[in-house]
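Report on the following structure.
Any read-out appearing in this document is the output of simple, stated calculations on the displayed coordinates, not a laboratory observation. Just so it is clear, the structure is predicted and the values come from calculations on it, not from any experiment. A quick note on method: Cβ atoms are made from the backbone with ideal geometry, for glycine too, and the neighbour counts reach across all protein chains shown.
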């Protein structure tokens, strides 16, 4: 996610507001110029205008990362993979272990096989837990970094509000 | 608007190129800016395709016939619904619709995985963008849906093919396309995993839901196609092994195999290369199916027509696709090595493996049989027909084996099953199967294939029932709840497993429907007003013929009364419709009396307005509706397997204790009141009576020859099933030849001589080059068996289990934390 997408000022004018406005203006002009008599045609024309505004928004989304002065990468990585991916992987491994336990309870897996398959999954789960623990320091650091950015944004917004009030 | 539409396609192509290039560059240079920009461009393609779609649909609705595509596939009298669905009614629009769906699916997949699969996403974007670029390129240089007339535009359009003006056919292509484009997502993730080398199981988990959803839509598309064929083509059946039907079936086989083998990789770290191969094959077959339908290399009533330029473009793309993807697999082979090997043939993984090989065999066999007429034409210069009898010879036993495996798989233990384990698991399902077959035999049902199928269905149901009951008992003991709550909790906690079992119940119901065809009865009769005929337990009386017309068509309708034991039970109105803009392509409007036990299916085959005489094709199709009902159950099971974790967590937290039991009891009571009355009220005994007066040799010949009229909607149906005038003549001719004393071979030779080739035969004769067709399945089976044995050497040393961790306080703490987390999971 980009920093631009996480502004804390809910009252601020956001890029998508501009595209919604543009779409509304374009739709009005299209209605006046085309004067469609068929209601279905009108609806489709409006949809086309809506799609055109989406095109504008997506184009903006594609260009923004290249033009932003301060681009903040918020995805937290654990080694070469994102933290979210490793956490999900761990959850799924735990779920597999649970299913294996259930299989044993239903008499589908012998104790020996349960031991072998369970050990493999436990090794994997512990490896993932270790990985997440080791990188937790980085993770905390990135949270602090993010909070710092948010704080700076808030300060700047409150300064602007104060200036406006003056 | 046409220029704007074309510009949009051009812009989409540029955005695709940008997304692919920037994403790869961003991944290589580890630049988040470039990666984000690539993702933005990827979303831009989606927005552009939505805009292009809005433009073309607007053009259809506002009747802009200056656009050629609009002129070809719609007219001013067409209802709004068909105007909207005309978007994908032709080749150009269907390609555009394909890209739009792919863009939507791709954007959704990228959006939902952009955090979890950060390292794969740039390459996922690049792969999907390249696929989109290919289809956009086709439109830009060859099949532009926005192409306009250079001179004066026509006042009105030519209208959509009447055969496509059917509800099922309107929604059948979108569901198939969703199934097809959905398979691009697993392929893209697979390729990204190969490129980055992140080949653990996480990419599989990222794509499992997408594969399942695509598989569901593919199944829905196939089922809708069957319903359309059943209700619109008027030949009394639902699956004719038409090349275009087969094109959609091919990826279904490999996707089904993947959904099963993925479990083996997750549980046993085996079949890693195999799973990657299946993902590539599935995607390849979706492209190949599209190529078959659109290039004209196969003859079908559904195909879009011959286009060699398009065929070459597809061929180049497919070659590049195969070389690049399998090249990557070979490059990454060391990382894909299995960590375990098959230890026993009596194990769950062995059952999955056999299931996979059979599904792959089916895919290759169907592909070969579909392409054999084209191959024969290239090699010998003579075109052949490979029709239902050839397919049935092979696919019938394959279907029964797959059904058996559906029941066997869940009963086997992972790694190996002991004799006592086998006894414990198999006793009740086998008893149930034996009792069912014995009961059917005693009741007089003597069609052995159908009887065996019913028995196997009982076996699978026994297996699934046993799984639910034993699972619920274990859960009840663990949680202390009542049995019904335990079952609900069971499904909630293991959605994939129990959703999968419900899918299997759906498959069983579909097989019941297929088995019912063994008791199918049909008859062709010529009747005058007031005359009646009997078929099965029905007496069908022909009352009169009427003629009506509306703005688009003329309708000839027969009025018929259906009686059972002298009581009027229904009125049927089979008809022929002649659309004014397609008068040479009359449509057959089938009249159906549907019940749970059987369908009475009436087709108006021919008529004479002067004396009101009319000929009819009457068919009694036992259990056919179970196929459609089976699909509904299958969809329910897939839906359960697809449900997110939070759905059940919320339901579980919100529902008061005992709510599950009360809900199930109420549901069961409602079903008891509504459901099975009709099932038991209409037994199948009547189906055993012979209703057709033709001799066995005549019936055999009618099923061994295809109709060569080449009329629209006919498409080389079996002479026994085709309703056109030529088929009526052929049936008469066959009767005459048999009456003259000609043997089966002599009659077949007569038709070969008449047409100068074996094209009128439903299956090629086993001689000359055709021996290849008959030899190929055996060779394929032998190779598959050899590969299976070679690949899965039994009894090898299993993976040495690593110790959870070295001794130490950290490890002990982690073990304790793991146990805590496991306890909290349920």
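Here each label is just a point 7 Å from Cα along the line to Cβ, and for residue B:28 and residue B:428 those points are 6.1 nm apart.
I need the shape label for the stretch B:321-480. Rule: rounded when a/c is under 1.5, else prolate if a/b > b/c, else oblate, with a, b, c from the alpha carbon gyration tensor. Oblate, because a/c is 1.5 or more while a/b does not exceed b/c. Spin-label point model (7 Å from Cα, Cβ direction): what's the residue B:699 to residue B:418 distance in nm? Label-label distance for residue B:699 and residue B:418, simple model: 5.3 nm. When B:36, B:821, B:343, A:70 are sorted by how many other C-beta atoms sit within 10 angstrom of their C-beta, beginning with the fewest, the order is A:70, B:821, B:343, B:36. Eigen-decomposition of the gyration tensor built on the alpha-carbon atoms of the stretch B:537-609 gives equivalent ellipsoid semi-axes of 26, 13, 9 angstrom, largest listed first. Considering the zone a paramagnetic label at residue B:821 would reach in this model (a point 7 Å from Cα along the Cα-to-Cβ line), which residues of the stretch A:86-113 have amide N under 11 Å from it? A:86-95, by backbone N distance to the label point. Using the Cβ-Cβ distance between residue A:163 and residue A:34 with R0 = 51 Å, the FRET efficiency computed as 1/(1 + (r/R0)^6) comes to roughly 0.70. If you average the C-alpha positions of the stretch B:91-148 and of the stretch B:525-548 separately, how far apart do those two centres end up, in angstrom? Going from one Cα centre to the other spans 53 Å. Ranked by how many other Cβ atoms sit within 10 Å of their own Cβ, fewest first, the residues B:115, B:152 fall in the order B:152, B:115. Model label points for residue B:470 and residue B:726, set 7 angstrom from Cα along the Cα-to-Cβ axis, are 5.7 nm apart. Inter-chain Cβ neighbour count for B:422-428, averaged per residue, equals 1 (cutoff 10 Å, partner chain atoms only). Rounded to the nearest 0.05, the FRET efficiency derived from the C-beta distance between residue B:21 and residue B:573 at R0 = 56 Å is 0.40.
Just to check, using Stokes-Einstein with a Kirkwood Rh over alpha carbon pairs, what's the diffusion coefficient of the stretch B:77-229 at 4 °C and 1.567 mPa s in µm²/s?
75 µm²/s
Divided by 2.2 N^0.38 Å, where N counts the residues, the Cα radius of gyration of the protein assembly as shown comes to 1.03. Counts of other chain beta carbons within 10 angstrom of each beta carbon in peptide B:51-62 average 5.
Provide the FRET efficiency to the nearest 0.05 for the residue B:643-residue B:610 pair, computing r from the beta carbons and using R0 = 41 Å. It comes out at approximately 0.10. All C-alpha pair distances within the stretch B:401-458, sorted into 10 Å bins from zero, spread as 23, 45, 25, 8, 0 percent across the bins. Semi-axes of the equivalent ellipsoid of the stretch B:696-765 are 18, 14, 10 Å, computed as sqrt(5λ) over the eigenvalues of the C-alpha gyration tensor in descending order.
With the largest listed first and rounded to whole Å, the semi-axes of the equivalent ellipsoid of the stretch B:508-651 from the Cα gyration tensor are 38, 21, 12.
When peptides B:758-764, B:813-819 are sorted by average Cβ neighbour count within 10 Å, with the highest value leading, the order is B:758-764, B:813-819. Taking only alpha carbon atoms, the stretch B:1-163 gives an Rg to Rh ratio of 1.08, where Rh is the Kirkwood radius.
Remark: B:594, B:497 ranked as B:594, B:497, counting other beta-carbon atoms within 10 Å and listing the fewest first.
Look at the stretch A:40-46: the mean tally of other chain Cβ atoms within 10 Å of its residues' Cβ atoms is 5. Averaging 1/r over each pair of different alpha-carbon atoms in chain B and inverting the result gives 29.4 Å, the Kirkwood hydrodynamic radius.
Centroid-to-centroid, using Cα positions, the stretch B:396-464 and the stretch A:89-118 are 27 Å apart. Based on alpha-carbon centroids, what's the gap between the stretch B:331-358 and the stretch B:173-243 in Å, whole number please? Each part reduced to its Cα centre gives a spacing of 23 Å.
For the stretch B:253-368, compute Rh as the Kirkwood radius over C-alpha pairs and then the Stokes-Einstein diffusion coefficient at 25 °C and 0.890 mPa s; write the answer in µm²/s, rounded to an integer. Answer from the Stokes-Einstein relation: 155 µm²/s.
Across all Cα atoms of the stretch B:166-417, the radius of gyration (one decimal) and Dmax (whole number) stand at 18.9, 55 Å.
Its DSSP H runs of at least 4 residues, each contributing -39,500 (n - 2.57), put the calculated 222 nm mean residue ellipticity of the protein assembly as shown at -22000 deg cm²/dmol, to the nearest 500.
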